[in-house]
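Structure first, then comments.
The values are calculated or read from the model by the stated rules, or taken from the named source; none is laboratory data. Keep in mind the model is a prediction, meaning the values are calculated, not measured. Neighbour counts run over all protein chains shown; Cβ positions are idealised from the backbone, glycine included. Remember, those area values only see protein heavy atoms, side chains included, never the ligands or the DNA or RNA. Shrake-Rupley method; radii C 1.70, N 1.55, O 1.52, S 1.80 Å.
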Amino acid sequence: MRKRLGILLSGRGSNFEAIARNVASGKLDCEVGFVFSNKPNAPGLKRARELGLTCGAMESAGQDRAAFDGQVARLLHEQGVDLVCLAGYMRLLSGHFIQQFPGRILNIHPSLLPAFPGLDAQYQALAHGVKVTGCTVHFVDEQLDSGPILLQTAVPVLDSDTLEELSARILAQEHKIYSEAISWVLKGNYRIEGRRVIET
Ligand code: GRF
């Protein structure tokens, strides 16, 4: 049976769309089983509905984190999700949520972690003056942007770059490596040693 992805997003959803495109074209051998947003008006959620995918949404503002995450986890279990992919999900996950999907939650971040974790990573890179930044797909653990790293791609920072230009150059790479990392995890040919994800 094809493995089922559960995608969590809060906004634009371009990473979700890139994944959905690769699933539709057969490049990625799995299905998008469920798309959830903690922002009911997220453009990415609208797109998922247009694509006819099973979707869920609950506004998270003002909600107790553990209770909210408990409901999200229940939905993901009900939908038979095998792998949870955070795609611009702007909310920290509770430890209990993470423990329910051991080694089965991925995130994408627009920097070469561990540089520039947290919000506005592209701005942080420009402000710091680095010459190279990039993007990272990693397993999610209980710290912010911190779990074992699956894939990274470096992206040059040009002297002329605006924030928008740099972000767009990084985003194009995000759209490639997220699907590659998902495919790798679904194949299962890796082992995790400490922080290292090693191909087997
Ligand atoms: C991406 O830059 C991703 O790396 C970060 O949030 C942004 C989401 O963009 N975690 P989109 O919603 O996938 O277009």
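The table below gives the values:
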| item | result |
| --- | --- |
| GLU180-ALA66 FRET efficiency (beta carbon distance; Förster radius 30 Å; 0.05 resolution) | 0.35 |
| Solvent exposure, largest accessible area first (probe 1.4 Å, DNA, RNA and ligands not counted), of THR153, THR162, THR200 | THR200, THR162, THR153 |
| Heavy-atom accessible area order for ILE192, ILE198, largest first, 1.4 Å probe | ILE192, ILE198 |
| Å² of accessible area per residue within segment 107-200, as computed with a 1.4 Å probe and no ligands counted | 51 Å² |
| Set of aspartates and glutamates with alpha-carbon distance to LYS131 below 18 Å, sequence-local pairs under 8 removed | ASP120, ASP159, ASP161, GLU164, GLU165 |
| Separation between Cα centres of segment 82-100 and segment 114-142, rounded to whole Å | 19 Å |
| Per residue, in Å², the accessible surface of segment 1-102 once ligands and nucleic acids are set aside, probe 1.4 Å | 47 Å² |
| Whole-number D in µm²/s for the chain (Stokes-Einstein; Kirkwood sum over Cα pairs; 25 °C, 0.890 mPa s) | 143 µm²/s |
| For the chain, calculated [θ]222 nm from helices alone, where every DSSP H run of n ≥ 4 adds -39500 (n - 2.57) | -11000 deg cm²/dmol |
| Share of carbon and sulfur in the accessible heavy-atom surface of the chain [1.4 Å probe, %] | 52 percent |
| Over segment 107-200 - Rg/Rh using Cα atoms and the Kirkwood inverse-distance radius | 1.00 |
| Residue-span extension gain [SER25 to ALA154] - 0.36 nm each, minus C-alpha spacing | 43.8 nm |
| Cβ-derived FRET efficiency at R0 45 Å, LEU51 paired with THR162, nearest 0.05 | 0.90 |
| Distance between segment 11-51 and segment 144-183 - C-alpha centres, whole angstrom | 19 Å |
| Candidate lysines - alpha carbon under 18 Å from LYS27, same-chain residues fewer than 8 apart omitted | LYS3, LYS176, LYS187 |
